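Notes to accompany the following structure.
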Ligand code: MCA
Ligand code: AMP
């Protein structure tokens with residue numbers, strides 16, 4: 001069964017209900033809406049169009065565009081054909097896009113006019129494998145006639161629906177291969193755990209190019225027969241307005257958004273009334289207990305925090321009905337099995353800290369064309385079950401059974417819900433003239449959670465503004481170090497490995 005079948009029940013029961021409503025307040029403020037029937041028909045038309053362009057089962061189709069209805073239509077079309085969507089974070093720049101195009105070798109790249117300047121920065125060789133680069137703004141020129149339908153494709157649950165690039169410990173991001181069944185497992189788990197209802201209205205401001213917006217948000221809403229009010233991005237005033245006087249019942253966000261909401265609500269008199277809302281969820285990065293508590297004090301709502309990964313979809317959640325404990329991610333979702341183990345892979349008793357392993361139908365099969373990294377990410381238990389090593393350190397409360405995440409085994413930095421691996425930035429900085437050594441670490445930040453900062457050993461003074469401008473052409477802005485510190489040498493152990501924990505407390509010279 002392909003994923004789009006998830007929506008057949010709302011399609012049959014409530015064909016005229018609004019499935020998707022989109023407004024871009026900075027452009028044309030008139031809402032664009034699709035009922036379930038219209039969405040289905042439009043996705044058929046897009047599927048027929050992509051099929052005519054040569055897209056068949058197993059083909060990768062890269063997406064480099066922001067939230068908009070065409071993203072949804074094209075995505076539904078791709079998976080209906082058995083194609084594989086490869087979403088690219090819109091903040092990614094030359095170096096990151098180049099890597100994804102070379103690694104996933106998509107047949108087609110779907111984009112929008114406003115991204116053209118970024119794509120123009122690519123070398124012709126980077127685009128060589130692409131048969132078509134199409135802007136959805138020009139779709140009228142290449143879409144098939146309105147009532148077109150595609151030739152049916154045989155799509156199975158184990159076929160891939162997505163390859164999602166997650167930052168890699170080795171500097172290059174890895175493509176997580178997500179099957180239709182993996183997505184289905186997360187969606188069915190969340191539908192039950194969060195009591196989704198057909199009369200829910202999701203206010204969705206998270207990017208569709210990540211699991212949080214796409215799977216937790218859009219997919220669950222479509223499967224529930226609910227309405228999604230999609231926006232291009234998070235905007236504070238619009239969000240406060242929607243949550244207090246719009247039709248929304250559900251809001252999903254990353255902690256940075258809750259930090260901004262709390263800061264704004266604190267200052268507002270009279271305070272907006274969020275009492276019509278049913279559920280606020282947080283995930284993608286740790287939500288500070290203070291933010292959780294202050295949000296409750298300001299709104300009367302307890303945020304439901306949950307935990308997931310690109311590779312696994314959703315793993316843990318605080319309960320919908322039951323205590324939501326700040327600073328915890330709750331218990332495994334239906335169908336998810338979890339263990340906490342020591343460095344040798346032995347199970348630890350409740351209360352002890354170790355690495356979290358998970359398995360279940362939600363867990364991906366491996367990394368695209370990377371059997372080595374795949375093998376290194378899984379282990380088998382005595383019964384032959386295959387467990388994914390999340391790299392997250394966790395402890396289970398012996399009384400409640402709730403899990404708290406304590407940090408990560410690897411060097412991942414999470415900034416505003418986007419992942420950053422220091423190695424990728426270090427490799428880039430080392431290619432800059434005059435930079436001899438570079439080490440990147442995360443520094444705590446009240447709004448973003450963490451931000452990257454760089455420690456450099458250079459041949460002489462560096463023009464930092466030029467360095468930053470250059471780095472921003474190569475990498476997403478959120479990966480560019482916020483501060484630079486200059487050292488005579490990086491602290492290294494006897495093996496020559498940089499001791500990053502010493503850097504964080506070192507007496508280095510900050511940006512001159
Ligand atoms: C934008 N900037 C950032 C970030 N976002 N800096 C650090 N971290 C960020 N996340 C920078 C921009 O580069 C820019 O700087 C400046 O901030 C302003 O940009 P702007 O576009 O105005 O920012 P914003 O629109 O206010 O964005 C903040 C945001 C956004 C709304 C929090 O980052 C966001 O939507 N985050 C959600 C990410 C997400 O959905 N993650 C889920 C993935 P400059 O001009 O210097 O470049 S994780 C996942 O899916 C797993 C499975 C899970 O568990 O959910
Ligand atoms: P990604 O690779 O973008 O899917 O990010 C997955 C990582 O985000 C996880 O391995 C966790 O480290 C982190 N994460 C997601 N949700 C939470 C949460 N609620 N609390 C703490 N960390 C989280």
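A short reminder: the numbers here are calculations on the coordinates, not readings from a lab. The model shown is predicted, which means the values in this text are computed figures rather than measured ones. All Cβ positions, even for glycine, are placed from backbone atoms using ideal geometry, and neighbour counts span all protein chains on display.
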> Considering the zone a paramagnetic label at residue 197 would reach in this model (a point 7 Å from Cα along the Cα-to-Cβ line), which residues of region 226-269 have amide N under 19 Å from it?
Replying inline: 226-229, 243-252
>> Given region 145-226, report the % of alpha carbon pairs whose separation exceeds 22 Å.
In response: 41 percent
> When the helices in the chain are scored as -39500 (n - 2.57) per DSSP H run of 4 or longer and the sum is shared across all residues, what 222 nm value do you end up with, to the nearest 500 deg cm²/dmol?
Replying inline: -7500 deg cm²/dmol
>> Students often get this wrong: which residues of region 405-441 have the backbone nitrogen under 18 Å from the point 7 angstrom along Cα-to-C-beta of residue 233?
In response: 415-419
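How long are the semi-axes of the equivalent ellipsoid of region 195-280, taking √(5λ) for every eigenvalue λ of the Cα gyration tensor, in whole Å from largest down?
Its equivalent ellipsoid spans semi-axes of 22, 15, 10 Å.
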>> Which residues does the label zone of residue 149 cover in region 16-53, counting backbone N under 18 Å from a point 7 Å along Cα→Cβ?
In response: 16, 36-52
>> Give me the extension gain from residue 91 to residue 502: residue separation times 0.36 nm, minus the current Cα-Cα distance, reported in nm with one decimal.
In response: 144.9 nm
>> I need to check one value: relative contact order of region 1-112, counting alpha carbon pairs closer than 8 Å and at least 6 residues apart, in percent.
In response: 27 percent
>> Multiplying the sequence separation of residue 271 and residue 133 by 0.36 nm and subtracting their Cα-Cα distance, what value in nm do you get?
In response: 44.9 nm
>> Assuming 0.36 nm per residue, please report the length gained on full extension of the stretch residue 26 to residue 121 beyond their Cα-Cα distance.
In response: 31.6 nm
> Efficiency by 1/(1 + (r/R0)^6): what FRET value for residue 113 and residue 382, r their Cβ-Cβ distance, R0 = 45 Å, to the nearest 0.05?
Replying inline: 0.20
> Listing 281, 220 from the residue with the fewest other Cβ atoms within 10 Å to the one with the most, what is the order?
Replying inline: 281, 220
> By the gyration tensor of its Cα atoms, with a ≥ b ≥ c the square roots of the eigenvalues, what is the shape of region 26-169: rounded for a/c under 1.5, prolate for a/b over b/c, or oblate?
Replying inline: oblate
> Is region 90-172 rounded, prolate or oblate when judged by the Cα gyration tensor, a ≥ b ≥ c being the square roots of its eigenvalues, rounded requiring a/c under 1.5 and prolate requiring a/b larger than b/c?
Replying inline: oblate
> Once both labels are modelled 7 Å past Cα along the beta-carbon direction, what's the residue 142-residue 372 spacing in nm?
Replying inline: 3.6 nm
> So what is the relative contact order of region 429-507, in percent, for Cα pairs below 8 Å that sit 6 or more residues apart?
Replying inline: 30 percent
> What relative contact order, as a whole-number percentage, does the chain give when Cα pairs under 8 Å and 6 or more residues apart are counted?
Replying inline: 12 percent
> Once you sort the root eigenvalues of the Cα gyration tensor of the chain as a ≥ b ≥ c, which label holds: rounded (a/c under 1.5), prolate (a/b larger than b/c) or oblate (the other case)?
Replying inline: rounded
